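The values are calculated or read from the model by the stated rules, or taken from the named source; none is laboratory data. The structure presented is a predicted model; accordingly, all values stated were derived computationally and were not measured. Don't worry about glycine lacking a Cβ; one is built from the backbone with ideal geometry, like all the others, and counts go over all protein chains shown. With ligands, DNA and RNA removed, areas are computed over all heavy atoms of the protein, side chains included. Shrake-Rupley method; radii C 1.70, N 1.55, O 1.52, S 1.80 Å.
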Amino acid sequence: MTVLEKKICMMGAPGVGKTSLVRRFVDSVFSEKYLSTIGVKIDKKSVPVDDHTLNLMLWDLQGEERYQWVRLQYLKGASGYILVADGTRQDTLEVALGLQENAAGRAEELPFVLCLNKADLCANPWARVAEVERHAAGVPVHVISALHADGLDDVRR
């Protein structure tokens, strides 16, 4: 069985649920307590894919905007990244799209997805998807909920 290791960075504004998503994915738990990430927190999850094992190194990056240049440095050696926005807060969507624009300016082109988290709190989360498609055509969008684990399997694909 072949083992592959992939570094994936989680980026977004503070309070969008990056850490909650990682904890839900890695440990299958959700905590109501808010803990601000300082710097970077790295978790590992092994996932069987066909005839090999995929070791995901998930880099949960600090969300403070003033450290945006540091976040982009963490993308070195990454296989891709996940942008996370809070589906209930427009400003976090703008931060995520701004991060994507800055990351796209790097020499290497990295695959990414945008996750609209907190779908459980949105009356119509799909309206946000239509909004993203209007502003940034071609950005792959997933509607998810760290609380209920809704949509997480779709992001893995």
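So here's what we get for this one:
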item	result
Residue-level accessible surface for I8, protein heavy atoms, 1.4 Å, Å²	30
Reciprocal mean inverse distance between Cα atoms of the chain - Kirkwood radius, Å	15.8
Qualifying lysines (Cα of each under 17 Å from Cα of K45; at least 8 residues distant if same chain)	K6, K7, K18
Carbon + sulfur, % of accessible area of the chain - ligands and nucleic acids excluded, 1.4 Å	52
Size of charge dipole - the chain - debye, nearest 20, with Cβ of Lys, Arg +1 and Asp, Glu -1, no other charges	360
Computed [θ] at 222 nm, helices only, for the chain once each DSSP H run of length n ≥ 4 contributes -39500 (n - 2.57)	-9000 deg cm²/dmol
Solvent-accessible surface (1.4 angstrom probe) belonging to E133, in square angstrom, nearest 10	110
Average accessible surface area per residue within the chain, 1.4 Å rolling probe, Å²	54
